[in-house]
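Accompanying notes for the structure given below.
The values are calculated or read from the model by the stated rules, or taken from the named source; none is laboratory data. It should be emphasised that the depicted structure is a prediction, and the values quoted were computed from it without experimental measurement. Using ideal geometry, Cβ is built from the backbone for each residue, glycine included, and neighbour counts are taken over all protein chains shown.
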Amino acid sequence: MSMKHAFRLLSTGILALLCAIPLLAGHKNFKVSVYVRAYEVEKMADTEWLESSWKTISDQLDVDKIYLETHRDMKLVDDATLEKAKAFFKARGIEVAGGITYTINESNNFETFSYSDPEDRAWVQRVAEHTAKHFDEFLLDDFFFTSSKKDVEIAAKGDRSWTEYRLDLMNEAGRNLVVGPAKKVNPKVKVIIKYPNWYDHFQGLGFNLEWGPQIFDGVWTGTETRDPSGNQHLQNYLSYNIMRYFENISGGRNGGGWVDSGGIYMSMDRYAEQLFLTAIAKGRDVMLFDYSQLLSVRLNPRFRAPWQDGAVSWNYDEMTAPIQKGKETVTPTTMARIADVVLRKTDELVGKLGEPIGIQSYKVFHATGEEFLQNYLGMIGLPMDMYSAFPEGRKVVLLTRQAAADPALIDKIRKQLQGGGDVFITTGLLAAIPEKIADICELRCTDYKAIVNDFGRYGKSDKDILIPQIQYLTNDSWEVISAGRPLTGGVSGWPVLHRAQYSKGNLYVLAIPDDYGNLYDFPAPVLNEIRRLMSADLDMHLEGPAKVSLFLYDNKTVIVENFNDEAVDVKLAGAALKTFTDLESGEILEAGTGAPAGGGFFFGRMAPPEPKATVNIPAHSYRAFSYETK
């Protein structure tokens, strides 16, 4: 064989190999996916629309994977259109999977199927089988639950509660109408359930977080928080916290997080924050919902908030400037460009982070009470890590009212305290099981309230705050932080943080305001003391105002994110801290010895000073560091 012929064969082989390799967008630490509703998949029968719409998106956003929905609102996309769309995206090096939204009419209060109705059951199964014919992987969008109360449902429920009935019903439907039939059609298919963001209310509609992750091949997570003051009251921190919770309960099978354009009209930063939090929670994939939004939500000067005039993490002017795509100059037009910039930058950072760690909180499956409270705590700088098993081997465990559903709870608390650990409980839990808590300490939390704004040496609040009254036996337990109106020079005060010794540990009770949002109104020294005492398992804690969150990782990296509309100065404090190195700029900060946090006293003794590093964080921005300890 001549050298020339050999070279030609080698070149041909290399070219064939390159053609066989998908030309993925190449995000290094997670995939970026786009979900396409059945309405838009149906339009893809039109080649011109398919090509032009994809060009608009792909010019602005690098996509690794696309999910083509087969059904929504009784619309079932035909075989030919699905195969045409699949072939189009695969030819462009994009991974392709399927999707199903089990709604009858989404615009009618998210009208769902009746899973006790034979006709509805037959349609649900038909959709699963149809989808499995075309895809080796598909996921169920938010609506694999039931809100139906037709006569057939009322009869089937019998004497059970709606929660009990629906949990059993949707388990059965998942196995027998979706997963089983799909795998019979296509034994290779993976069926994944995407759970939405309202996790604390799932059980009432049949979403079963205890058994669902075992029925399906994996889970996905709704990380949309949009406007926190909206009717769901989902705080910014939920975009991170729910990712970690679903990862914990699924045995590490949480595929990724799912963000839509909701909140973008508050500012571009609100959309960026959701994407960022999803990724730094170590999501394996970030899903953008949806194809139509990436086409139709146009860039708008209203997205540029006033704080954009300063130094910020996400710069709107840079995002909207023309970009070069090969030989073509592209002028960004839609939110697709925002997503691309945020995720490209975040991808670089995520590669430097270890596994997330935090203060472990016990959330019993299907329990109610103090719903979504951990997200408010995350917003006051307490890094949350929720589990549905009682944490073992920790210095600190956090328990909210939901832990009351565990009949063996008091034995677990006792074991934790006798082992030398501390337990923090909320006033909600104390009010739920006072007789059981009395085995540790005789405390009460009745319906009586106190209006407070003065926290003594810990400062004052600009607002009046309504808190439960923690009642106790003098000298059997002690107030750590007290408040009144006023406290100094006043006539009464009530515990905000209370402490009872038991064996080798301490039981703390934290007063949760009637409006959880009032946690943000606690003076910084109050928050500092709470953070310090709750962070015994961690290398550091935060000092500073509320609406600043701390994210810690097991490789000694940390992110601090500011959700305020103005820049803040915060301190990172910890007994063994030495230096911090900015993961993006390389700037080095020394942890100098600072004054004690809070009021400076701890049960009558001066609290020890701690090494601290001061960090300035612009509005709606973050700083990320690696750090060294002594």
Return the residues of region 263-303 that are among the small types (Gly, Ala, Ser) and touching a Lys or Arg at 6+ places or on another chain (Cβ under 7 Å); say none if nothing qualifies.
Gly263, Ala281, Ser292
Among residues of region 266-295, those that are more than 23 Å from the chain's Cα centre (by Cα) and buried (at least 20 other Cβ atoms within 10 Å of the Cβ), counted:
0
Report whether or not Gly257 is modelled with pLDDT under 95, touching a Ser or Thr at 6+ places or on another chain (Cβ under 9 Å) and of a type outside the set (A, V, I, L, M, F, W, C).
no
State all residues of region 206-235 that are hydroxyl-bearing (Ser, Thr, Tyr) and assigned to a loop (DSSP other than H, G, I, E, B); if no residue qualifies, say none.
Thr223, Thr225, Ser229
Of all residues being among the basic types (Lys, Arg) and over 20 Å from Ala122 (Cα atoms) in region 167-196, which is surrounded by the fewest Cβ atoms within 10 Å (Cβ to Cβ)? Just the residue, please.
Lys188
Any idea which of (1) surrounded by 19 or more Cβ atoms within 10 Å (Cβ to Cβ); (2) out of contact with any strand residue (DSSP E or B) (no Cβ under 9 Å at 6 or more places or on another chain) is the one Asp309 doesn't satisfy?
(1)
Residues to consider are Glu371, Glu392; find the one that is surrounded by fewer than 16 Cβ atoms within 10 Å (Cβ to Cβ), outside any helix (DSSP H, G or I) and of a type in the set (Asp, Glu).
Glu392
Regarding Arg298, is this residue assigned by TED's automatic domain parsing to the domain that holds Tyr39, surrounded by fewer than 21 Cβ atoms within 10 Å (Cβ to Cβ) and either at pLDDT 95 or above or small (Gly, Ala, Ser) (or both)?
yes
From the list Ala500, Ala524, exactly one residue is of a type in the set (Gly, Ala, Ser) and touching a Pro at 6+ places or on another chain (Cβ under 7 Å). Which is it?
Ala524
Can you pull out every residue in region 205-235 that is free of Cβ contacts under 8 Å to residues at least 24 places away in the same chain, hydroxyl-bearing (Ser, Thr, Tyr) and closer than 18 Å to Ser388 by Cα?
none
Which ones in region 236-247 are in contact (Cβ under 8 Å) with a residue 60 or more places away in the chain, farther than 22 Å from Met170 by Cα and in a helix (DSSP H, G or I)?
Leu238, Tyr240, Asn241, Arg244
Hey, can you tell me all the residues within region 374-389 that are buried (at least 20 other Cβ atoms within 10 Å of the Cβ) and in a loop (DSSP other than H, G, I, E, B)?
Met379, Ile380, Gly381, Leu382, Pro383
Scan region 153-161 and give yes if some residue there is under 29 Å from Leu275 (Cα atoms) and in contact (Cβ under 8 Å) with a residue 40 or more places away in the chain, otherwise no.
no
First in region 265-288 and not assigned by TED's automatic domain parsing to the domain that holds Ser250, second anywhere and among the aliphatic types (A, V, I, L, M), Cβ under 8 Å, 6 or more apart
none
Identify, by number, the condition in (1) assigned to a loop (DSSP other than H, G, I, E, B); (2) surrounded by fewer than 19 Cβ atoms within 10 Å (Cβ to Cβ) that Lys449 doesn't meet.
(1)
All conditions in (1) part of a loop (DSSP other than H, G, I, E, B); (2) under 30 Å from Glu42 (Cα atoms); (3) without any contact (Cβ under 8 Å) to a residue 40 or more places away in the chain are true of Ile104 except (1)
Residue among Glu164, Glu137 that is in contact (Cβ under 8 Å) with a residue 40 or more places away in the chain and either under 31 Å from the mean Cα position of the chain (by Cα) or surrounded by 22 or more Cβ atoms within 10 Å (Cβ to Cβ) (or both):
Glu137
So, Gly604, is that one at pLDDT below 90, more than 22 Å from Gln308 (Cα to Cα) and either surrounded by 15 or more Cβ atoms within 10 Å (Cβ to Cβ) or of a type in the set (Asp, Glu) (or both) or not?
no
Single condition Met74 does not satisfy, out of (1) closer than 18 Å to Asn176 by Cα; (2) over 29 Å from the mean Cα position of the chain (by Cα); (3) of a type outside the set (S, T, N, Q)
(1)
Expected single match for assigned to a helix (DSSP H, G or I) and surrounded by 20 or more Cβ atoms within 10 Å (Cβ to Cβ) among Ile470, Ile413, Ile425 is Ile413
Considering region 332-346 alone, what residues qualify as being surrounded by fewer than 18 Cβ atoms within 10 Å (Cβ to Cβ) and closer than 20 Å to Ala624 by Cβ?
Arg344, Lys345
Can you pull out the residues in region 163-205 that are closer than 27 Å to His233 by Cβ, of a type in the set (D, E, K, R) and not in a helix (DSSP H, G or I)?
Lys194
Quick one: which of Lys65, Lys84, Lys90, Lys55 is closer than 28 Å to Phe145 by Cβ and modelled with pLDDT of 95 or more?
Lys65
Looking at region 128-141, is at least one residue assigned to a strand (DSSP E or B) and among the β-branched types (Val, Ile, Thr)?
no
Name the residue, out of Tyr516, Tyr472, that is hydroxyl-bearing (Ser, Thr, Tyr), in contact with a helix residue (DSSP H, G or I) (Cβ under 7 Å, 6 or more places away or on another chain) and assigned by TED's automatic domain parsing to the domain that holds Glu435.
Tyr516
